[in-house]
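The values are calculated or read from the model by the stated rules, or taken from the named source; none is laboratory data. Note that this is a predicted model, so its numbers are computed, not measured. Here the Cβ positions follow ideal geometry from the backbone for every residue, glycine too, while neighbour counts run over all protein chains shown. Side chains included, ligands, DNA and RNA excluded: accessible areas come from the protein's heavy atoms. Shrake-Rupley method; radii C 1.70, N 1.55, O 1.52, S 1.80 Å.
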Amino acid sequence: LEKPVPMSRLLEGDVGSGKTIVGAMAALSVIKNGHQVAFMAPTEILAKQHFRSISELLKNFNVSVGLLTGKDARIFRNGNISEVSKKSFLGDLEFDQIDIAIGTHSLIQKGIEFSKLGLVILDEQHRFGVEQRDHLIKNKKLVPHLLSMTATPIPRTLALTVYGDLDLSLIDE
């Protein structure tokens with residue numbers, strides 16, 4: 001994250017190995033440097049799980065965490081979780097009042113604007129299409145860092161680590 005070029009990294013590890021903690025640490029670093037984080041999960045259940053765990057992990061760091069799914073919007077701020085309207089959520093996101101936005105494909109819908117997106121985290125990235133991933137990464141103001149996380153890499157993903165622009169990190173113990 002400290003290099004002058006955006007990170008593009010695949011983090012591979014078994015379920016429960018600590019990938020989410022690594023993602024939270026990367027997010028905290030980016031936030032403390034004045035930028036926002038988008039954290040996409042392929043399902044609503046997984047997005048809610050990430051919202052709860054990241055809110056708990058970062059509760060002592062004065063970080064606001066938002067959850068946006070097809071059904072609801074919530075914000076964790078100052079130790080409290082509150083349900084908000086999607087319109088309110090989008091306004092907070094656009095005006096830099098949400099540090100980490102966690103969600104499903106809802107984060108790449110029309111009308112979603114990040115003020116200063118600095119990091120995109122994709123959990124189980126192979127479950128998103130190329131255009132869906134590129135929608136968040138191709139930002140006009142800044143090319144954000146990319147952290148893809150997986151427990152089960154598919155051959156195409158592994159090929160990107162060999163022939164493409166995706167570096168590989170393993171959590172193997």
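In the stretch 100-117, is there at least one residue being touching a Pro at 6+ places or on another chain (Cβ under 7 Å) and either under 21 Å from Ser29 (Cβ atoms) or of a type in the set (Gly, Ala, Ser) (or both)?
Yes, that holds for at least one residue.
Which residue out of Gly111, Gly118 is of a type outside the set (Phe, Trp, Tyr), assigned to a strand (DSSP E or B) and out of contact with any Ser or Thr (no Cβ under 7 Å at 6 or more places or on another chain)?
Every option except Gly118 fails the conditions.
Out of the residues in the stretch 8-22 that are modelled with pLDDT under 90 and part of a loop (DSSP other than H, G, I, E, B), which is surrounded by the fewest Cβ atoms within 10 Å (Cβ to Cβ)?
If we take residues in the stretch 8-22 being modelled with pLDDT under 90 and part of a loop (DSSP other than H, G, I, E, B), then Val15 is surrounded by the fewest Cβ atoms within 10 Å (Cβ to Cβ).
Please specify each residue of the stretch 59-72 satisfying the condition of being at pLDDT below 95 and either open to solvent by less than 70 Å² (accessible area, probe 1.4 Å) or outside any loop (DSSP other than H, G, I, E, B) (or both).
Residues satisfying the conditions are Thr69, Gly70, Asp72.
Arg77 versus (1) over 26 Å from Val15 (Cα atoms); (2) open to solvent by less than 50 Å² (accessible area, probe 1.4 Å): which is the lone unmet condition?
Evaluating Arg77 over (1) over 26 Å from Val15 (Cα atoms); (2) open to solvent by less than 50 Å² (accessible area, probe 1.4 Å) leaves (2) as the failure.
Among Ile112, Ile100, Ile108, which is the only one that is closer than 21 Å to Leu147 by Cβ and either open to solvent by less than 10 Å² (accessible area, probe 1.4 Å) or at pLDDT 95 or above (or both)?
The unique qualifying residue is Ile100.
Can you name every residue in the stretch 42-58 that is free of Cβ contacts under 8 Å to residues at least 12 places away in the same chain, loosely packed, with under 15 Cβ neighbours inside 10 Å and closer than 18 Å to Ala151 by Cα?
Across the stretch 42-58, the qualifying residue is only Ile45.
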